[in-house]
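**Q** Sharing a structure here in structure tokens format.
The values are calculated or read from the model by the stated rules, or taken from the named source; none is laboratory data. Values in this document were obtained by computation on a predicted structure and should not be read as measured data. Cβ placement follows ideal geometry from the backbone for every residue including glycine, while neighbour counts extend to all protein chains displayed.
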Amino acid sequence: MQAKRLTEARKQFPELTNAHSQILQQTLRQLDRAWDDMHKRGFGFPRFKKRYNLRSFVFPQLGKNPVDTDGVKLPKIGKVAWYYSRPMPEGFAVKQARVVRKASGYFVMLTLQLDVSVPDVPFHGHPIGIDVGLEYFLSTSDGVQVKRPRFFGELQRQLKLLQRRLKTKPRGSANEAKLRQKIARLHERIADTRKDWHFKLAHQLCDQGNSIFVEDLDFPIMAKGMLGRHTLDAELEQFVNQILPWVCFQRGVFYGKVDPKGTSQQCPDCGARVSKDLSVRMHRCHECGSVKPRDIAAAQVICTRGQRGIENVCGVEVTGAGVNQSSQLAVKQKA
Ligand SMILES: [Zn+2]
């Protein structure tokens, strides 16, 4: 309804005509979603945004041939010169453009479409199970354990230092603005470094196996500690639910999820139930005498569950890798 009234509003408030009408409509939809989320999902009341809180806007439609190596043609704004960071894949149509402001400058994210059906990768070859956690970032059923890299600690220390210095600057001063810019850049660098590490790790995992199984974890609930498990953070969720399936898809590796119930309470070698709370870091089976690190034992249980799910009832316990989205380059697929 509001989107329809926009035409009137634009007559009444001429400054609204500065922006393309579809962008304003998208913003209204965003507000609508925020309103729905408040009612249905218990989120907070939608807040007014300050100028610097809005970080991106989207053009849902573009003109004909909107991109070439020199720049991108945006409705209303016209052609904008750009740094052509990667070649456009052949045959794809550019559907949408989202302009994103980051500390290091403006970026444009393009949504591309190609009308082909991409078959799901079938289960095949050497399977590995992956357990994610706090002590180790992840452990595999083959006994590989990956710790969180230490360079984040160094970057976090730098960040704390800069944030402390913020208190010494007068509010609204040029020096405060400069320091804030520096902090924003560091935040971006931390996020980029982390993402880079996540992608490399995902590729390493794809080197080690042909099929990968992870637990089907409900991250938001777990973060609240309702299941009494260790809390897992947003970055871990991004890795397990977005980056890993995407890299698996690209590399032709099967990606499946298994039921997470009690994966750490079961013996991977004989299937007996071995209860242990979080403080117990070693798995010791009272039935068969198997002894191994807790997380590796859990990864092996996940791996077995994944394979069994495929042998028994295909597609019930295991969900296949139907990934069609990456964070930077979204590829829509039509079946
Ligand atoms: Zn056992």
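Quick grid of which residues meet (1) without any contact (Cβ under 8 Å) to a residue 24 or more places away in the chain; (2) within 25 Å of the chain's Cα centre (by Cα):
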| site | (1), (2) |
| --- | --- |
| 16 | yes, no |
| 26 | no, yes |
| 29 | no, yes |
| 47 | yes, yes |
| 62 | no, no |
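**Q** Considering only residues that are without any contact (Cβ under 8 Å) to a residue 60 or more places away in the chain, small (Gly, Ala, Ser) and not assigned by TED's automatic domain parsing to the domain that holds residue 236, which ones fall in segment 160-204?
**A** Of everything in segment 160-204, those that are without any contact (Cβ under 8 Å) to a residue 60 or more places away in the chain, small (Gly, Ala, Ser) and not assigned by TED's automatic domain parsing to the domain that holds residue 236 turn out to be 172, 173, 174, 177, 191.
**Q** Right, here's the next one. Kindly indicate the residue of segment 249-273 that is in a loop (DSSP other than H, G, I, E, B) and touching a helix residue (DSSP H, G or I) at 6+ places or on another chain (Cβ under 6 Å) and also farthest from the ligand (Cβ to nearest atom) among those meeting that condition.
**A** This residue is 253.
**Q** Follow-up question, since we're still on this one. Restricting attention to segment 274-294, which residues are out of contact with any Lys or Arg (no Cβ under 8 Å at 6 or more places or on another chain) and either modelled with pLDDT of 95 or more or within 15 Å of the ligand (Cβ to nearest atom) (or both)?
**A** Listed by number, the residues that qualify are 275, 284, 285, 286, 287, 288, 289, 292.
**Q** Another one. Would you please name the residue that is nearest to residue 149 (Cα to Cα), looking only at residues in segment 166-181 that are surrounded by 14 or more Cβ atoms within 10 Å (Cβ to Cβ) and basic (Lys, Arg)?
**A** Looking at residues that are surrounded by 14 or more Cβ atoms within 10 Å (Cβ to Cβ) and basic (Lys, Arg), I get 180.
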